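The values are calculated or read from the model by the stated rules, or taken from the named source; none is laboratory data. None of these values were measured; they are calculated from a predicted model. Neighbour counts are summed over all protein chains in view; Cβ atoms, including those assigned to glycine, are modelled from backbone coordinates with ideal geometry. Just the protein is used for accessible areas: all its heavy atoms, side chains included, with ligands, DNA and RNA removed. Shrake-Rupley method; radii C 1.70, N 1.55, O 1.52, S 1.80 Å.
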Amino acid sequence: FADAFNDANTVDLIAKRVLKRWLVNRITFMWSFYTVTTFLVGMLNAQYIGAGTLGLCLTNLLILEVLLEPNIENSTGALFEFICLARVHEYLSVPQERAALALDDG
């Protein structure tokens, strides 16, 4: 039983890691596309956007891209904490059982 539980736990852990990595890779890819698009639009419209403004925009976009993975990690951790709190709340709502022996049982 312990080996089967360990195997199931390992498969679940690997699946969570793979799914989280897949999600982070997809979001990073889309955000990188957005950053490159912003750069190209800024370069094509140089008469309207100054070099400092474009640099500031790109810096902020790259900072947000770097912070994507820790934010996803923290949000999934918070989700698991909320699930645990919901379980605790559910367990606290269980009605009290009757006593095994009553006073008039003798």
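For the peptides 33-43, 90-100, 71-81, the ranking by packing is 33-43, 71-81, 90-100, with the highest mean count of neighbouring Cβ atoms within 10 Å listed first. Think of the chain as having a plus end and a minus end, set by charges on the Cβ of Lys, Arg, Asp and Glu; of Asn60, Leu92, Asn74, Asn60 sits farthest toward the positive end of this dipole. Once the 1.4 Å probe is applied to the protein heavy atoms, the stretch 39-80 comes out at 72 Å² accessible per residue. Report summary: the helix-based calculation at 222 nm, which adds -39500 (n - 2.57) for every DSSP H run with n ≥ 4 and divides by the residues of the chain, gives -28500 deg cm²/dmol. Per atom type, the stretch 16-101 shows carbon and sulfur on 70% of its accessible surface, probed at 1.4 Å. Sorted into 10 angstrom bins from 0, the C-alpha pair distances of the chain split as 11, 21, 20, 17, 13, 8, 5, 3, 2, 0 percent.
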